[in-house]
Amino acid sequence: MSELDPLRHPMRATWQRFLDVFEPLRPDLYRYCRYLTRSPWDAEDLVQDALARGFATLGTRFHDLPNARAWIFRVASNLWRDQLRRAQREHSLVATREVADASASDPRATREAAGTLLVQLAPQERAAIVLKGVFDLSLEEIAATLSTTVGAVKAALHRGRGKLVEPEADSVASPVPAALDAFCAAFNTRDLARLTTLLLDTSVTEIVGVVTEYGTAVPGDPQTGSLFHSLTAIASTETGGIAAAHLADYTGSPPRAEVRLHRDAPIVLLWFDHTGGPAVRAVLTLEIEGDQIARIRNYFFVPDVIAEVCRELVVPFRTNGYRYW
């Protein structure tokens, strides 16, 4: 028995109570993070990070939370700004070397590099515009969410509205790795042994927001393995599964995997049969190293990502709620 075992059950119960409060806020939190990050994958990462950080820090507060939505938005805002600061520091180190090399032959390089930074919307400006324009928060609520003053919010809105929106970067379609095709072929023949051999020994298999597994043995475990259970029909029982309300027209058949390109990058869709025809109920992203899989992220319990991706791909879909019951 591990010294951590006595902590697991009380923490799990507390986590479920935390989700009881914050789960109704998930759609708005996802929308907010989506506007900040401009990517469904990065948005859901930020949502998960915000919930985890919120859960970890809630017990250290000595004062009540006046507004749960504003508070979790603040947690997400702070995490996002921290991520940007880290990225900017890393970029600055690279850019400084590149500008130093270029400036010897072209003195305009430094001025052009600085000009590029000036036209980007600052984090505080983007967050303020989203909170006002999308969620229609008051100036006071925005100030509380961003840990600033009403005057600073007014200034950020004024500056941000005066700038052009940064255009989406041009994308180039990525070739579909052979490991993705091999994954789908093994998945559709229920070849668990082949699926696990595709995983790196150091791989991470995740059902986003529910479970994270490491290596090759745990995901394939017939008792608890997420990869094993993803090959089977969706369960809804008294002891686990998803809420029966989400399975109204589901026929009980196992899923079929298919590779699709989404924004020029390959993803995997899991199709399930319903009385009205097949529909996607899960979206997977796979990170490939060589001819093996380094990471699987299954967005089965992330309705916001499933809906956004499937609408962009114009495919029918169903969602499964946010939690494993």
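The values are calculated or read from the model by the stated rules, or taken from the named source; none is laboratory data. Predicted model, so just to flag it, every value in this text is computed and none were measured. Here Cβ is always computed from backbone atoms with ideal geometry, including for glycine, and neighbour counts include all displayed protein chains.
Counting only helices (runs of 4 or more DSSP H) that fall entirely inside segment 127-191 and contain at least 3 residues that are farther than 27 Å from Ala68 by Cβ, modelled with pLDDT under 85 and not aliphatic (A, V, I, L, M), the qualifying elements are 150-161. When residues of segment 198-235 are filtered for being out of contact with any Gly (no Cβ under 8 Å at 6 or more places or on another chain) and surrounded by 13 or more Cβ atoms within 10 Å (Cβ to Cβ), how many remain? Residues that pass the stated criteria total 21. Residues in segment 242-264 that are within 16 Å of the chain's Cα centre (by Cα) and either over 14 Å from Val176 (Cβ atoms) or modelled with pLDDT under 90 (or both): Arg263 alone.
Restricted to helices (runs of 4 or more DSSP H) entirely inside segment 1-89, those with at least 3 residues that are without any contact (Cβ under 8 Å) to a residue 24 or more places away in the chain and either over 19 Å from the mean Cα position of the chain (by Cα) or exposed (fewer than 14 other Cβ atoms within 10 Å of the Cβ) (or both) are 5-22.
Taking each residue of segment 245-259 that is under 14 Å from Arg318 (Cα atoms) and looking for partners that are among the acidic types (Asp, Glu) with beta-carbon atoms closer than 7 Å, six or more apart or interchain, yields Thr251/Asp273.
For Thr216, the criteria (1) touching a helix residue (DSSP H, G or I) at 6+ places or on another chain (Cβ under 8 Å); (2) in contact (Cβ under 8 Å) with a residue 24 or more places away in the chain hold in every case but one, which is (2). Does Val47 satisfy the condition of being in contact with a Gly (Cβ under 9 Å, 6 or more places away or on another chain) and outside the structural domain of Asn298 (by TED's automatic domain parsing)? Yes; evaluated as a whole, the condition is true for this residue. Within segment 34-71, can you find the residues that are β-branched (Val, Ile, Thr) and either in contact with a Ser or Thr (Cβ under 6 Å, 6 or more places away or on another chain) or at pLDDT 85 or above (or both)? Correct list: Thr37, Val47. Is at least one residue of segment 224-234 of a type outside the set (Phe, Trp, Tyr) and more than 24 Å from the chain's Cα centre (by Cα)? Yes, that holds for at least one residue. The residues of segment 30-75 that are of a type in the set (A, V, I, L, M) and farther than 17 Å from Ser147 by Cα, listed by number, are Ala43, Leu46, Val47, Leu51, Ala52, Ala56.
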